[in-house]
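A short write-up of the structure that comes next.
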Amino acid sequence: MPCVHYKFFSKLTHDTVIFDGLHITLGDLKRQIMRREKLKRCDLSITNDQTNEEYTDDAGIIPSYTMVTVRRIPGTGVKSTYDRHANKWSEPSSGSSKHVNRSSLSLEQLFKTENLAEANASEEDKIKAVMFQSSRCYYSTK
């Protein structure tokens, strides 16, 4: 029987979708994979393993005995968990402004800041400041 071998990007083994005919449309392949894997509220990105070509047209034809890689992508209308929890982790109110500097801090100011979690700076600058602060006791100028 004709088939298409698929594997998810995060898995090591291939699974098989069996169908009738010499080829299968991308839309039918997606539906069979989603039904077989019990996936909901997502879309699938399917790429040919040999040519690294991504199939984008749902009416496009995939020949039998093709090996493809499948990636899950969020479906339309689905909110990410970051959006749902963004209000929960918003900045503190103006009453506690002594801990949070509203203007962006320079790297030298971050080196001296005690609470980097509430500092208004880029994540890269915060990481540099943490690394500097953690090594300060080893490379003391005294």
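Where a number appears in this text, it was derived from the coordinates with a stated rule and is not lab data. All values reported here derive from a predicted model rather than from experimental measurement. We place every Cβ from the backbone using ideal geometry, glycine too, and count neighbours over all the protein chains shown.
Can you spot the aspartates and glutamates whose alpha carbon is less than 14 Å from LYS112's alpha carbon? Ignore those fewer than 8 places along the same chain.
ASP125
For ILE61 and SER106, compute 0.36 nm times the residue count separating them, minus their Cα-Cα distance, and round to one decimal in nm.
10.7 nm
Between ASP15 and ILE73, what's the calculated FRET efficiency when r is the beta-carbon distance and R0 is 25 Å? Round to 0.05.
Calculated transfer efficiency: 0.85.
List the aspartates and glutamates whose alpha-carbon lies under 17 Å from that of LYS40, not counting same-chain residues fewer than 8 positions away?
Straight-line reach from LYS40, under 17 Å: ASP28.
Within the range 25-59, list the GluC sites (Glu not before Pro) lying in a DSSP loop whose Cβ has at most 12 other Cβ atoms in a 10 Å radius.
For GluC sites (Glu not before Pro) across the range 25-59 that sit outside H, G, I, E and B with at most 12 neighbouring Cβ atoms in 10 Å, the list reads GLU53.
Test of understanding: what is the full-extension gain from HIS23 to ALA117, defined as 0.36 nm times their sequence separation minus their Cα-Cα distance?
Contour length minus Cα-Cα distance gives 28.4 nm.
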